[in-house]
Each structure stands twice: as C-alpha cells, then as structure tokens.
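A.B. asks: Please find one structure pasted underneath; my questions will follow.
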C-alpha cells in the first residue's frame, strides 16, 4: 500500500523479502546497505536473536531522491524465516507493495521453499489482495553451492511454479552480492508499474 | 483487489488538517511528539519539539509492535487491541488504532498524565478518522501524480541508483 503525500510531495513504498529460514534475506539487505551511496540509505535496523537470527524484522530505508518533484522512498523489510514465526511474518507483510521471494538453491531445501511460498500466497490472499496480480520477484540464492547439492534452475522453476505465474526470476549469490541489485531493480520496477 | 486501488494519496488539504490536529494534541497534552502512521509503518505526518532524525525507524517499529499485537489479539479471539501503553523511566508512549488502517502515536514524559493523553487522544482519533475516511474515498489525484512520465523517470532513477 504505497503512500503518496501530496503536500510534502513524497512517495513511500514497502518491499518485503520473504523466504524460508537461512535462505539469505538479511544478507540481501546487508549487501544493499553496504553498497548504496550514503545519501541514499538510512541505518539498517535489525531485531535479531543473540545468535543473529532474525526475530522480528530487518529494516532498511532507501531515499531515491526527487523523481519529477516527488521525494521517493523505498522501505525494505525482511521477515524471520523460521517456521515458528509465522504470525510475525503476517505482521511484517502488512501493507507491503511487493515481495522478493528468496529461495534456497540447496536440493534439500526445496520442500521448505515450496512451503514458504504457499504460506506467502495464503498471507497475501488474507490481506484481500489477489496473489496472481501481486508484485513478486523470485531470487534463487546460493548458486555457488557444490554441484551435487545445487538444484538446477529448471527444477526450481518447476517446483515454484515460475513459468505459470510469469514472475521475474534472478539467480544470486547474496554473500558476494551477485544478483542482489538485479533483484532490487526488478522488484522496484514491478512495484512502480503497479502503483 | 487490483493493487492499484491500494495506493493511498493524501492531498494537501487533508495533510493540513492532520497536522493541525496533531499540533493541537501535542500542545493540549504537553506531549513531546505525536505521529500518524499507516499500518505498513509509513509516517503520514508528525508534530513535536525539534527535528527527530529517527522518525522513519520509529514508524517501522511502532507499526511492527501494533501488527504483532493484532496477531496476539487474534490468538486470544479478541477483535483488536485498540490501544497500547509503554511506560519508561523518562518517556512514555501511547499508541491508538484509528479505523483499522492508521496508527496514532504520542510520546510524552512524566510531566504529562496518562489520563489526559487517553482522553484527548480519543478526541483526536475521532477527528482524524473523519479526515482519513475522506482520504480513503478519493482516488482522483493518482493520474495527476503518477503519469507515464513519472514512471519512466522512476525507472531511470532505479537503474541509476541500484546498479552493481
């Protein structure tokens, strides 16, 4: 639910990184935070457990500056991925304009990816939004895994229903920053086109 | 629902009324700060002493607290928690829900009595609910704001700032 403040000439959009536990959502935000120019980013806020697992969310405000006279701000959030925090994910997802679904490319994580994507579909639907029309970009993370455990892209496409849904899909290695900005560009474009 | 219908456009006139309402609330209660958020955590307007640099993070956290308490309410089969109060040694925060969509937050110190905050907040939420209902009803300004020229400029900015 983008917010457009005509008096202050500001536009705010909320983008949420969703996905199973340990798939690299926080790593995406950390990389973005480390790379964007100082004048664009705010502080990266993390509510995490002592073991650095996300407990509530990470939050990174990005200020894109003036676009046609409108100060444009993107707020990036992550959800906690662990199964335990299902209701917390619902809370963070509230009012999101778009979602980056980060999938783990480990063969053994395919079921977790599928479960998480199903849960996302349910949660979007519960917000009275049509899941099929909702802005979503998929990121296949950890493409640098050893070949014996790396799930082929075609297999992930098949299990996650990418072809049917026509979602943009990006291969990434978030720890090295590969594909991180490509993903951010893709979701930003989709969100803007649906404002 | 078409996602297009979920963007909220707050026109200048309504912003002025919201700001006036928040300013009055701060003055009448002797509070430090009042802010109005939408449920996704975006700050619509804020009023108070001095400039707070942390307002964006504050908005995200308060909306998170409220969204989380809404889920707690569901588990308890309560319709909603309409208000919450956080008491500190120096600063206190009172948060009230407006029409399921918006959150009013007042930050005040020990010089202000919570009872006064509650009473005047109730008055302010009624007033703001009427203004925000008008905001929700109106969609006409969107095309003036978000024309195709805007979208093209926006895409250029995205490509420029978010590059590898």
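A.B. asks: Quick check on the stretch A:127-134. Is at least one of its residues assigned to a strand (DSSP E or B) and either under 15 Å from residue A:18 (Cβ atoms) or at pLDDT 95 or above (or both)? First the steps, then the outcome.
C.D. replies: Initial filter on the stretch A:127-134 (assigned to a strand (DSSP E or B)): none.
No, the conditions are met nowhere in the stretch A:127-134.
A.B. asks: Quick check on the stretch A:158-170: of everything there that is touching a helix residue (DSSP H, G or I) at 6+ places or on another chain (Cβ under 7 Å) and buried (at least 17 other Cβ atoms within 10 Å of the Cβ), which residue is farthest from residue B:162 (Cα to Cα)?
C.D. replies: Selected residue: A:160.
A.B. asks: Here is a further query. Here is a list: A:101, A:57, A:74. Which entry is under 14 Å from the mean Cα position of the chain (by Cα), facing another protein chain (nearest Cβ under 8 Å) and part of a strand (DSSP E or B)?
C.D. replies: Answer to the check: A:57.
A.B. asks: Still on this model: If residue A:92 passes every condition in (1) within 11 Å of another protein chain (Cβ to nearest Cβ); (2) touching a strand residue (DSSP E or B) at 6+ places or on another chain (Cβ under 6 Å); (3) part of a strand (DSSP E or B) but one, which one does it miss?
C.D. replies: Going through (1) within 11 Å of another protein chain (Cβ to nearest Cβ); (2) touching a strand residue (DSSP E or B) at 6+ places or on another chain (Cβ under 6 Å); (3) part of a strand (DSSP E or B) one by one, residue A:92 breaks only (3).
A.B. asks: While we're looking at this one, here's another question. Scan the stretch A:1-47 residue by residue and report those that are within 25 Å of residue A:80 (Cα to Cα), more than 12 Å from every other protein chain (Cβ to nearest Cβ) and part of a loop (DSSP other than H, G, I, E, B).
C.D. replies: A:19, A:20, A:21, A:22, A:23, A:24
A.B. asks: A further question follows. Taking the options B:30, B:64, B:48, name whichever one is within 16 Å of residue A:59 (Cβ to Cβ) and modelled with pLDDT of 85 or more.
C.D. replies: Criteria check complete, one pass: B:64.
A.B. asks: Can you tell me which condition residue B:98 does not meet? The list is (1) more than 9 Å from chain A (Cβ to nearest Cβ); (2) at pLDDT below 90; (3) within 14 Å of the chain's Cα centre (by Cα), and all the others hold.
C.D. replies: The number of the failed condition is (2).
A.B. asks: On to the next question. Looking at B:142, B:79, which one is surrounded by 14 or more Cβ atoms within 10 Å (Cβ to Cβ), modelled with pLDDT under 95 and within 22 Å of the chain's Cα centre (by Cα)?
C.D. replies: The unique qualifying residue is B:142.
A.B. asks: Do you know which residues across the stretch B:8-58 are over 30 Å from residue A:194 (Cα atoms) and assigned to a strand (DSSP E or B)?
C.D. replies: B:33, B:34, B:47, B:48
A.B. asks: Go through (1) in a loop (DSSP other than H, G, I, E, B); (2) farther than 25 Å from residue A:2 by Cβ; (3) free of Cβ contacts under 8 Å to residues at least 60 places away in the same chain and name the single condition residue B:86 misses.
C.D. replies: (1)
A.B. asks: Further question on the same structure: Residues to consider are A:195, A:138, A:120; find the one that is within 28 Å of residue A:72 (Cα to Cα), outside any strand (DSSP E or B) and away from chain B (no Cβ under 14 Å). Give the steps one after another, and end with the answer.
C.D. replies: Numbers: A:195 fails: away from chain B (no Cβ under 14 Å); A:138 fails: outside any strand (DSSP E or B).
Residue meeting the stated conditions: A:120.
The values are calculated or read from the model by the stated rules, or taken from the named source; none is laboratory data. Model, not experiment: these values are computed from the prediction. Note: ideal-geometry Cβ built from the backbone for every residue, glycine included; neighbour counts use all protein chains shown.
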